[in-house]
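Here the structure comes first, spelled out in structure tokens, and everything after it is commentary.
The values are calculated or read from the model by the stated rules, or taken from the named source; none is laboratory data. Because the structure is a prediction, the values reported are computed rather than measured. Here the Cβ positions follow ideal geometry from the backbone for every residue, glycine too, while neighbour counts run over all protein chains shown. Protein only, heavy atoms only, side chains kept; ligands, DNA and RNA dropped before computing areas. Shrake-Rupley method; radii C 1.70, N 1.55, O 1.52, S 1.80 Å.
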Amino acid sequence: MAEQRHTLAEMARLLESGAISSRELTEASLARIEARDSELNAFITVTAETALAAADRADQQRAKGNAGPLTGIPIAQKDIFCTAGVATTCASRMLENFVSPYDATVVERLNAAGLISVGKTNMDEFAMGSSNETSYFGAVKNPWDPARSPGGSSGGSAAAVAAGLVPMATGTDTGGSVRQPAALCGITGFKPSYGRVSRYGMIAFASSLDQAGVLALTAEDAALITQLIAGFDERDSTCSDQPVPDYMAALASSVAGKKIGVPTEYFDGLDDNCAQAMHAAFDVYRQLGAEIIDVHLPNLPLAVPTYYVVSPAEASSNLSRFDGIRFGYRADGAEDIESLYKQTRSVGFGDEVKRRIMTGTYVLSAGYYDAYYLKAQKVRQLISNDMARCFEQVDIIAGPTTPTPAFRLGEKVDDPVQMYLNDIYTVSANLAGLPGISVPCGLVDGLPVGLQLIGPHFAEAAVLNFAHQYQLHSDWHKLLPGGTN
Ligand code: GLN
């Protein structure tokens with residue numbers, strides 16, 4: 001159990017006042033990793049030496065008066081972000097020994113702000129999964145109950161933050177991989193709009209859906225980090241050049257008079273206890289003067305099937321680069337190029353990745369393209385239109401992040417369809433490119449559940465504002481794994 005967790009904002013204040021040094025914070029983070037991670041398996045790589053050296057540099061900078069507010073705070077990077085000189089495995093055997101020659105833009109920007117990476121977090125292989133069980137490096141354990149999944153695919157980042165190993169870790173969200181593990185580990189997970197954060201150096205899964213995000217203890221911390229990573233990058237042609245607003249300034253706005261839309265379809269078949277937790281959260285917003293309004297997402301039942309056509313299609317194309325020639329693992333003893341490809345990919349990829357490549361290749365094949373891929377793209381537009389229609393009526397959409405609290409490791413891993421259905425509440429935001437956040441809003445059977453808020457395109461400030469206002473008036477985000485405050 002975490003004895004104490006500090007938010008980024010708290011750590012920044014402690015550093016500023018001189019109450020603690022970056023060296024001490026970094027040593028404490030490394031000590032907690034040492035104490036807890038053999039059980040949790042949240043990290044694939046720990047970079048203790050470089051982190052301590054960076055901490056000493058941060059302390060010197062601060063002494064000279066040239067530190068930024070977050071300089072010297074230890075964090076972690078999901079192992080899908082390229083880090084120069086440190087292995088980037090994507091939790092795959094294929095990239096087990098891959099060292100990128102450059103930093104991802106997200107990594108570069110966090111480094112530039114003085115944040116210190118203590119290591120790379122475990123994840124589902126190539127971010128494909130909802131339980132963190134597809135990692136080549138083994139499943140991550142949920143700090144609330146080690147027999148349960150932390151959620152996926154950014155499960156290592158979520159577990160590391162929930163257990164107080166680091167105050168914040170990066171994640172990526174293609175169909176829910178920031179929001180879902182945040183919900184299941186009782187922390188805050190924020191996915192900005194598609195195009196808000198550069199994807200440069202973030203290993204591609206499904207390029208029209210992938211977006212970098214933040215796993216942290218509070219919406220305020222998510223705002224602090226989003227402020228740093230958002231914004232134009234010429235190295236990603238899909239990265240928007242819209243100016244980045246002041247997210248911190250937006251947090252304080254009142255939500256009185258604002259309209260929150262709750263899709264009635266969200267409650268079809270939702271676990272009763274989860275539904276109760278959602279209604280309690282809506283009551284908090286009512287007390288703050290917001291209005292709760294029924295809205296409709298008629299195509300919601302099509303979201304999971306659509307996502308599981310579009311994302312494997314893109315994955316099959318993106319992962320064709322892992323052929324044994326250009327990146328990572330290469331099978332020994334192949335006789336010709338064809339067998340080199342086959343053997344490398346047979347051994348280098350795990351079962352779920354192979355399933356996605358096969359599905360993706362199938363839906364893109366000449367005979368089935370119209371029936372599956374093209375159809376899915378049309379339905380994707382319908383889903384996007386449904387969301388846009390809601391935003392004509394309301395400021396934000398609210399509902400659950402997941403259908404249930406954390407499930408047991410092993411419970412769904414042999415049934416891909418059951419596993420995919422976990423994503424019912426999260427994939428629409430990716431299909432439509434919208435920003436979404438999950439904040440802790442209750443316990444069900446002693447396990448955390450998340451409230452999801454989804455906003456219009458590029459309304460990050462509004463999403464963070466709604467989440468922050470809720471956290472000012474609730475204590476769920478302060479609960480430590482084990483349920484103590
Ligand atoms: N669970 C979804 C999938 O397996 C989403 C993963 C993600 O967002 N990276 O595709």
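A few notes on this one:
- Amide proton proximity set for residue 119, modelled H, under 5 Å, gap of 5+: 47, 77
- Three-way shape label, segment 239-289, alpha-carbon gyration tensor, a/c 1.5: oblate
- Here residue 478 is the anchor, and the lysines within straight C-alpha reach of less than 30 Å, apart from those fewer than 8 places off in the same chain, are 78, 120, 141, 191, 258, 259, 412.
- With every protein chain in place, segment 336-468: carbon and sulfur % of accessible area (1.4 Å): 55
- The Rg/Rh ratio of segment 319-390, with Rg taken over Cα atoms and Rh as the Kirkwood radius over Cα pairs, comes to 1.19.
- ³J(HN,Hα), Karplus 6.51/-1.76/1.60, whole Hz, each residue of segment 234-239, x for Gly, Pro: 5, 8, 10, 5, 9, 7
- Whole-angstrom gap from segment 17-40 to segment 53-75, using each part's C-alpha centre: 15
- Overall form of segment 298-360: prolate. Here a/c, set by the Cα gyration tensor axes a ≥ b ≥ c, is 1.5 or more, and a/b is the larger of a/b and b/c.
- Backbone phi angles across segment 111-121, fed through the Karplus curve with coefficients 6.51, -1.76 and 1.60 (θ = phi - 60°), yield HN-Hα couplings of 4, 4, 7, x, 5, 10, 7, 8, x, 10, 8 Hz in residue order; Gly and Pro are listed as x.
- Reported to the nearest whole Å, the Cα centre-to-centre distance from segment 253-315 to segment 95-131 is 31.
- Dividing the alpha-carbon radius of gyration of segment 42-100 by the rule-of-thumb value 2.2 N^0.38 Å gives 1.36.
- Around residue 95: net Lys/Arg minus Asp/Glu count, Cβ-Cβ under 10 Å: -2
- Near residue 86: Cβ cut-off under 15 Å, other residues only, Lys/Arg at +1 and Asp/Glu at -1. The net charge is -3.
- Carbon and sulfur %, accessible surface of segment 129-220 computed with the full protein complex present, 1.4 Å: 51
- Estimated FRET transfer efficiency (residue 293, residue 4; beta-carbon r; R0 30 Å; 0.05): 0.15
- Relative contact order (%) - criterion: Cα under 8 Å, at least six apart; region: segment 234-328: 31
- Dividing the helix sum by the residues of the chain, where each DSSP H run of 4 or more adds -39500 (n - 2.57), gives a mean residue ellipticity at 222 nm of -11500 deg cm²/dmol.
- Whole-number accessible area per residue in Å² for the chain, which is evaluated in the context of all protein chains at 1.4 Å: 37
- Global form of segment 1-89, assessed from the alpha-carbon gyration tensor, a/c cut-off 1.5: oblate
- Summing charges over all other residues whose Cβ lies under 13 Å from the Cβ of residue 425, with Lys and Arg as +1 and Asp and Glu as -1, gives -3.
- Relative contact order, percent, the chain [alpha-carbon distance under 8 Å, six or more residues apart]: 18
- When the P(r) of the chain is calculated, the portion above 44 Å amounts to 8% of the C-alpha pairs.
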